[in-house]
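Report on the structure given below.
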């Protein structure tokens, strides 16, 4: 038995904020979509709990890696801006290889 909604669902302020934040980080949105697809895997063959657990663990690792990478880029940018505000004569240099 399927439940039919006659009215369109309205999003709460918290849901709208989450969507906006995910739009700012499309790489994180992709990871969350992968996790949601695993939890609602209606397509394809039925997987065992061990298989699903393994897939979820791998997705969580990817999510953590993506999150840390995004955080690091943001932190580096903020630190650069703070340094530039403290000392206008400071210049950014890239490491020589």
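Would you mention how many residues in the range 20-41 are more than 11 Å from the chain's Cα centre (by Cα), closer than 20 Å to residue 67 by Cα and at pLDDT below 95? Walk me through how you get there before you give the answer.
From the range 20-41, those more than 11 Å from the chain's Cα centre (by Cα) are 20, 36-41; that's our starting set.
Filter once more, so that each one left must be closer than 20 Å to residue 67 by Cα: 20, 36-38.
Within this subset, residues satisfying the condition of being at pLDDT below 95 are 36-38.
Number satisfying all stated conditions: 3.
Cβ-Cβ contacts under 6 Å between residues 6 or more apart (or on different chains), taken from a first residue in the range 73-96 that is over 21 Å from residue 28 (Cβ atoms) to a second residue that is modelled with pLDDT under 70, are listed as 83/90.
The values are calculated or read from the model by the stated rules, or taken from the named source; none is laboratory data. Everything quoted here is computed from the prediction, not taken from an experiment. Counting neighbours? That spans all protein chains shown, and the Cβs are built from the backbone with ideal geometry, glycine included.
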